[in-house]
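Asks: My questions all concern the structure below.
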Amino acid sequence: MKKLILLLIVFPLVSFAQTIKGTFSPAEDYTYAFLYKATPESANYINKGQLDSLGNFEIQLDSSVTAGIYKIVYAIPPEENNFDFIYNGKESVAFNFSQENGVNFTESEENKLWNSYLKSMDMVNQTISNYYTQDNADQKGFEAIFKTLKDTQTGYEELAEGKLVSNFIKANKPYIPTEYEAISTYSKHLKAHYLSQVDFSDYLLQSSSFLIDRVTAYVFNMVENPSNTTYKAHVDDVAAAISDDDAKIKTSLLEMLWQRFVALENHELANYITDSYLLELANKTKNLVLRDMVISFKNTSIGSKAPNFDITLNGEKTSLHQLEGTENYLLIFWSSNCSHCLEELPKVRDMVANKPNLKVVAFGLEEDDRNWKKEIKDYPNFIHKIGLDKWDNPTVKTYGISATPSYFLLDASKIIIAKPYDFEDLEVVLKGL
């Protein structure tokens, strides 16, 4: 009798266990699938599955794995090689994945419904695009197309009722005109509607990539060949669409836009986001890392005056801003304990030897001056400055230095005119002088 009771207890646990399984192709391109549970702040590691020779893996889930948004990471860097999916705590999830075709869910009504919805909406949107491309003014055709759009949205909302995917389908609700609109009017209304249906306070949306994708599409893809003025207006629209009560997600999304403009080397827009929103939000959310990062970037943006620091030159106290007598200055942050620095500084010395209108200011990040005093003897024509406390040195923090060597090219007024990424980049920049 005891054995029977034990079987009755164990059997339901086994039979109702859920799994995450998938097939990656080509199999030889992948090794592991890492499962994370996503939250608005981070992604928490759950488990991993090793792929077999056919590209298959399976991860068993226990009762501690609750409903929500999950991520599969399949390569590095993880932030670029992952995808979201919904797990409702009731059904297993299975999919096929390839770089060419993306992810296709074969099990899980939640995820299959979302994929089906997106494909259906893409088809209708393509029909709308074709209609306007042909400069069509057929009102009956217009009404038929947008009736299909409305019916598609309504139908999927009904199918999603009571499911987690409902949050996403409702957030993606398209603009549907009630009467004929020319392309200019339709585009205007489409843009005005694009963010209005999104509940930025929704936990599931915050945990997924939906909000990032939505905001990115609005800022960068809503207008063809946007100018900086257009970008600024779009950033303002995003900021206005998110309540100040949702300060964390507002900060996160605006930081994401800041990072995009930094990557695009659009310093004007990155600093616009800092000045208009991000610095205040960083202070409000007590995000000191973000605050210091945006401040240091702004301090050292191309077009900004390089932050000043004291220098002793020929026994006299002066400063970076007071240096005179040349057209350009190459500011190098280096360290006498940095192997890359010791390799590159002799090359810099040789490269600038025939450039009389360029002076090198070498700022050493050091714990003490012993090695530094020894090394600077090889560079008598450089202007030297030692920064004790190394990474904690105030000037190092002001410049946002995270690696050595780091290069800044300044003009005679100490305005930053270039920020070479590495020595090869520096070579290219200096050839233009």
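The values are calculated or read from the model by the stated rules, or taken from the named source; none is laboratory data. Small disclaimer: the values here were computed from a predicted structure and weren't measured. Glycine also receives a Cβ, built like all others from the backbone with ideal geometry; neighbour counts cover every protein chain displayed. Protein only, heavy atoms only, side chains kept; ligands, DNA and RNA dropped before computing areas. Shrake-Rupley method; radii C 1.70, N 1.55, O 1.52, S 1.80 Å.
Asks: By the gyration tensor of its Cα atoms, with a ≥ b ≥ c the square roots of the eigenvalues, what is the shape of region 16-90: rounded for a/c under 1.5, prolate for a/b over b/c, or oblate?
Replies: Oblate, because a/c is 1.5 or more while a/b does not exceed b/c.
Asks: With contacts defined as alpha carbon pairs under 8 Å and 6 or more residues apart, what's the relative contact order of region 206-353 in percent?
Replies: Averaging sequence separation for qualifying contacts and normalising by length gives 12 percent for region 206-353.
Asks: Here's another thing I want to ask about it. If you take every residue apart from P405 with its C-beta less than 13 Å away from the C-beta of P405, what net charge results, scoring Lys and Arg +1 and Asp and Glu -1?
Replies: In short, -3.
Asks: I'd like the antiparallel share, as a percent to the nearest 5, of DSSP beta bridges with both residues in the chain.
Replies: Numbers: 41 of 59 bridges.
Expressed as a percentage, antiparallel bridges in the chain total about 70.
Asks: Cα atoms only: what Rg and Dmax, in Å, come out for the chain?
Replies: When restricted to Cα atoms, the chain yields Rg and Dmax of 28.5, 98 Å.
Asks: Arrange the residues D237, D246 by how much accessible surface each exposes, largest first, with a 1.4 angstrom probe.
Replies: D237, D246
Asks: Taking every pair of distinct Cα atoms and averaging 1/r, then inverting, what Kirkwood hydrodynamic radius in Å comes out for region 318-433?
Replies: After inverting the pairwise mean of 1/r, the radius is 14.3 Å.
Asks: Placing +1 at every Lys and Arg Cβ and -1 at every Asp and Glu Cβ, with all other atoms neutral, what dipole size does region 235-349 have around its Cα centre, in debye to the nearest 20?
Replies: Here region 235-349 has a charge dipole of around 320 debye.
Asks: Follow-up. Work the Kirkwood hydrodynamic radius out for region 187-238: mean of 1/r over every pair of different alpha-carbon atoms, inverted, in Å.
Replies: 11.7
Asks: Using heavy-atom solvent-accessible surface (probe 1.4 Å) with all chains present, what is the largest-first order of D244, D425?
Replies: Details: D244 95, D425 55 Å².
I get D244, D425, largest accessible area first.
Asks: Same structure, new question: Which of the three applies to region 352-420, rounded, prolate or oblate, going by the alpha-carbon gyration tensor with a ≥ b ≥ c and a/c under 1.5 meaning rounded?
Replies: Oblate is the answer for region 352-420, as a/c is 1.5 or above yet b/c matches or exceeds a/b.
Asks: Another one. Per-residue ellipticity at 222 nm for the chain, helices alone: DSSP H runs ≥ 4 residues times -39500 (n - 2.57), over residue total, nearest 500 deg cm²/dmol?
Replies: Calculated at 222 nm, the ellipticity per residue is -13000 deg cm²/dmol.
Asks: Rounded to the nearest 10 degrees, what's the angle between the helix 247-263 long axis and the longest principal axis of the chain, both from Cα atoms, 0 to 90?
Replies: 60
Asks: Tell me the relative contact order for the chain as a rounded percent, counting alpha carbon contacts under 8 Å between residues six or more apart.
Replies: Numbers: 600 pairs, mean separation 38.9, N = 433.
This gives 9 percent for the chain.
Asks: Tell me, what is the percent relative contact order of region 163-257, built from C-alpha pairs under 8 Å that lie six or more residues apart?
Replies: Dividing the mean separation by the residue count of region 163-257 yields 27 percent.
Asks: Find the accessible area per residue for region 163-225; the probe is 1.4 Å, ligands and nucleic acids are left out, and the unit is Å².
Replies: Spelled out: the 1.4 Å probe surface of region 163-225, per residue, equals 50 Å².
Asks: Within region 208-312, what whole-number % of the accessible surface is contributed by carbon and sulfur, with the 1.4 Å probe and all protein chains included in the calculation?
Replies: On region 208-312, the fraction of accessible area on carbon and sulfur atoms equals 47 percent.
Asks: Counting other Cβ atoms within 10 Å of each Cβ, which GluC sites (Glu not before Pro) in region 94-154 have at most 16 and sit in a DSSP loop?
Replies: Passing both the DSSP loop test and the Cβ count: E100.
Asks: With a 1.4 Å probe and all protein chains left in place, how much accessible area per residue does region 38-114 have, in Å²?
Replies: Per residue, region 38-114 has an accessible area of 53 Å².
Asks: So, one more: In a shell of Cβ-Cβ distance under 11 Å around L331, excluding L331 itself, what net charge do Lys and Arg (+1) and Asp and Glu (-1) give? Kindly include the intermediate steps, with their values, before the conclusion.
Replies: Working: positive: K359, K385, K414, K419; negative: none.
Cβ neighbours under 11 Å give a net charge of +4.
Asks: Here is a further query. Of the DSSP beta bridges with both residues in region 250-362, give the percent that are antiparallel, rounding to the nearest 5.
Replies: On the way: 4 of 9 bridges.
Within region 250-362, antiparallel bridges account for around 45 percent of the total.
Asks: For region 66-117, just say rounded, prolate or oblate: build the C-alpha gyration tensor, square-root its eigenvalues into a ≥ b ≥ c, call rounded for a/c under 1.5, and beyond that prolate if a/b exceeds b/c, oblate if not.
Replies: oblate
Asks: Just to confirm the number: angle between the C-alpha axis of helix 210-221 and the first principal axis of the chain, 0 to 90 degrees, nearest 10?
Replies: 60
Asks: Give the dimensionless ratio obtained when the Cα radius of gyration of region 243-371 is divided by 2.2 N^0.38 Å.
Replies: Cα Rg divided by the expected 2.2 N^0.38 Å: 1.37.
Asks: Could you work out the percent of alpha carbon pairs in region 73-175 separated by over 18 Å, rounded to a whole number?
Replies: 58
Asks: What three numbers, in Å, describe the spread of the alpha carbons of region 174-318 along their principal axes, ordered from the longest?
Replies: Extents along the principal axes: 80, 33, 20 Å.
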